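Let me begin by presenting the structure, written as structure tokens, before commenting on it.
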Amino acid sequence: MHHFTYRDGRLHAEDVDVTTLADAVGTPFYCYSTATLERHYNLFAKAVGAPKSRVFFAMKANSNLAVLQTLARLGAGADTVSEGEIRKAMAAGIPADAIVFSGVGKADQELAHAVDVGLHQVNIETEGELHALSRIAAAKGRRQDAVFRINPDIGAGGHAKITTGSDANKFGISLSEAERLYTVAANLPGIRMMGLAVHIGSQIRVLDELQAAFTRLRALTERLGGQGHRVERLDLGGGLGIPYEMEEAVDHGPDLIHAYAEMVTRTFAGLDVELAFEPGRLIVGNAGILVTRALTLNPRAAKTILVVDAAMNDLIRPAMYDAFHDIWPVVAPAQGAGTQLYDVVGPICESGDTFATGRTLPEAQPGDLVALMTAGAYGAVMSSTYNSRLLVPEVMVRGAEWAVVRPRPSFEDLIGLDRVPAWLAPRS
Ligand code: LLP
């Protein structure tokens with residue numbers, strides 16, 4: 001469920017008319033709803049039993065400081081994957097002991113930063129990283145709390161590019177290596193092994209694979225315990241999916257969250273461990289939209305190409321994962337107004353710059369505003385300046401209030417990032 005609804009035929013973000021925002025900020029822009037963020041966070045946190053269990057928001061999904069602070073106020077920690085994310089989380093007021101550092105490859109400098117600031121946990125993915133972290137922490141006279149990210153050889157997710165749990169994927173330590181490495185780790189000076197982590201993919205809507213992976217994690221936990229190892233924490237990753245097709249089931253979210261929480265409780269019943277979760281998409285996905293304006297129409301025999309002012313550099317999910325995003329008119333069509341078959345595309349010089357193919361939508365005219373729905377997760381964070389387009393601004397709404405939480409940069413900002421070498425300078 002989200003808080004983007006029509007009032008008197010005009011799309012509102014909570015109590016704010018989206019057209020007002022478009023007039024004030026210009027298009028395209030991202031718009032986030034505080035009430036939606038809060039609803040999803042609270043729903044998930046309650047279902048999984050926080051604060052007894054811990055919730056680390058996977059900030060790769062959306063790392064705007066305003067989003068992070070909104071969640072931090074509710075008690076969220078952060079799951080980070082780079083020094084930049086660690087620094088951003090801390091800038092948003094999330095304390096180091098509520099930050100987890102995940103990721104397939106971590107530079108020595110990033111590990112040193114993690115140790116220096118005293119992160120809650122580093123999720124180690126390779127034997128090499130284990131030794132690097134121990135060496136770096138020991139040299140500082142410290143021991144870093146860590147867990148092993150296990151590859152359970154069970155993948156899941158909405159697309160091959162976001163499946164992470166199979167042996168063919170680059171992620172985590174093989175189950176067959178886990179016991180040997182846990183023993184190695186237990187004897188290293190700079191590490192305090194706390195447990196295990198798993199994350200098998202993203203946009204998961206069916207729980208079977210997750211349950212199978214968790215069952216393997218439990219069995220490993222018990223084997224390690226039997227060998228006298230300390231396994232106090234299990235980090236169950238993120239991955240729960242959300243409905244992208246609005247017609248589908250408006251309130252499907254709570255059902256899936258509760259089924260998930262119940263499955264987790266069942267799978268780990270009787271085990272004396274602290275559970276942790278790293279949801280990303282589930283928290284922010286439905287809390288954001290990308291608002292764009294129709295530029296022009298290009299009629300073809302079978303359909304009309306609708307060119308809008310947002311492009312794949314602003315929201316890359318359709319181009320990258322063939323992802324579906326619902327498209328809503330910002331001004332609802334009049335009763336009985338016609339529909340048409342559209343390809344909705346951006347202005348970038350690539351055929352992949354297409355948001356929707358063969359979509360039936362209300363008839364649109366140049367100048368009309370449309371919203372790409374469910375764009376709060378992996379939207380703004382994956383944007384780029386391809387085609388020398390400016391990064392899209394972000395707006396946050398709270399009730400009747402709104403604020404620009406990231407302004408649109410200027411063309412001077414864009415051009416000023418580059419430097420021209422001396423040999424190209426005009427000779428005097
Ligand atoms: N934990 C780890 C270790 C992860 O790698 C991820 C996501 C998460 C948590 C959060 O997963 P979520 O709850 O959001 O599914 N850009 C893609 C999604 C990439 C997901 C990467 N890892 C997309 O737009 O669909």
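Counting heavy atoms of the protein chains alone, VAL307 has an accessible area of about 30 Å² for a 1.4 Å probe.
Net charge near ARG54, counting Lys/Arg +1 and Asp/Glu -1 over other residues with Cβ under 14 Å of its Cβ?
Result for the local shell: -4.
For the range 34-284, pairs of C-alpha atoms spaced more than 24 angstrom apart make up 43 percent of the total.
Candidate membrane-span-like segments in the chain, meaning DSSP H helices with Cα atoms spread over at least 30 Å of their own axis and a Kyte-Doolittle mean of -1.0 or above, do not occur, with no membrane implied either way. Sort the range 168-232 into rounded, prolate or oblate with this rule: let a ≥ b ≥ c be the square roots of the eigenvalues of the Cα gyration tensor; rounded if a/c is under 1.5, and if a/c is not under 1.5, prolate when a/b is larger than b/c, oblate otherwise. In terms of gyration-tensor shape, prolate. Its Cα gyration tensor gives the chain an equivalent ellipsoid. The semi-axes, each the square root of 5 times an eigenvalue, are 40, 26, 20 Å from largest down. In this structure the amide hydrogen of PHE148, modeled in the peptide plane, comes within under 5 Å of the amide hydrogens of ILE124, GLY195, LEU196, ALA197, none closer than 5 places in sequence on its chain.
What does the charge add up to near ARG142, with Lys and Arg as +1, Asp and Glu as -1, over the other residues with Cβ less than 15 Å from its Cβ? Counting the neighbours of ARG142, the net charge comes to 0. The figure for ASP79 is an accessible area of roughly 0 square angstrom, using a 1.4 Å probe on the protein chains alone. One decimal place: the segment SER410-ALA259 gains 49.7 nm when fully extended, by the rule 0.36 nm per residue minus the C-alpha distance.
Across THR164, THR215, the residue with the most accessible area heads the list, and the full order at a 1.4 Å probe is THR215, THR164.
How would ARG427, ARG266 rank on accessible area, largest to smallest, probe 1.4 Å?
Working: ARG427 220, ARG266 125 Å².
My answer, sorted largest first, is ARG427, ARG266.
With 19 Å as the limit on Cα-Cα distance, the pairs of LYS60/LYS106; LYS60/LYS140; LYS60/LYS88 that go past it are LYS60/LYS140.
Based solely on its DSSP helices, what 222 nm [θ] is calculated for the chain when runs of n ≥ 4 H residues each add -39,500 (n - 2.57) and the sum is averaged over all residues, nearest 500 deg cm²/dmol?
-8500 deg cm²/dmol
Shape of the range 1-71 from its Cα gyration tensor (a ≥ b ≥ c, root eigenvalues): rounded if a/c is under 1.5, otherwise prolate when a/b > b/c, or oblate? Judged from the Cα gyration tensor, the range 1-71 comes out oblate (a/c at least 1.5, b/c at or above a/b). Distance from the Cα centroid of the range 175-210 to that of the range 76-113 is 18 Å (rounded to whole angstrom). Against the criterion of solvent-accessible heavy-atom surface with a 1.4 angstrom probe, CYS349, CYS31 sort, most first, into CYS349, CYS31.
Within a Cβ distance under 15 Å of LEU11, other residues only, what is the Lys/Arg minus Asp/Glu net charge?
Numbers: positive: ARG7, ARG10, ARG293; negative: ASP8, GLU14, ASP15, ASP17, ASP23, ASP326, ASP368.
Once positives and negatives cancel, what remains is -4.
Accessible area of HIS258, 1.4 Å probe, to the nearest 10 Å²? For HIS258, solvent-accessible area is about 100 Å².
Taking amide H atoms as placed 1.01 Å from N in the peptide plane, the amide H of ASP153 lies under 5 Å from those of ASP167, each 5 or more residues away in sequence or on another chain.
Could you calculate the contour length gain from THR304 to ALA139, that is, 0.36 nm times the residue separation minus the distance between their Cα atoms, to one decimal place in nm?
Details: separation 165, 0.36 × 165 = 59.40 nm, distance 6.40 nm.
Full extension from THR304 to ALA139 adds 53.0 nm.
The values are calculated or read from the model by the stated rules, or taken from the named source; none is laboratory data. Quick caveat, the model's predicted, so the values are computed rather than measured. Positions of Cβ are generated from backbone atoms using ideal geometry, with glycine treated the same way; all protein chains shown enter the neighbour counts. Just so you know, the surface numbers come from the protein's heavy atoms only, side chains and all, with ligands and any DNA or RNA stripped out. Shrake-Rupley method; radii C 1.70, N 1.55, O 1.52, S 1.80 Å.
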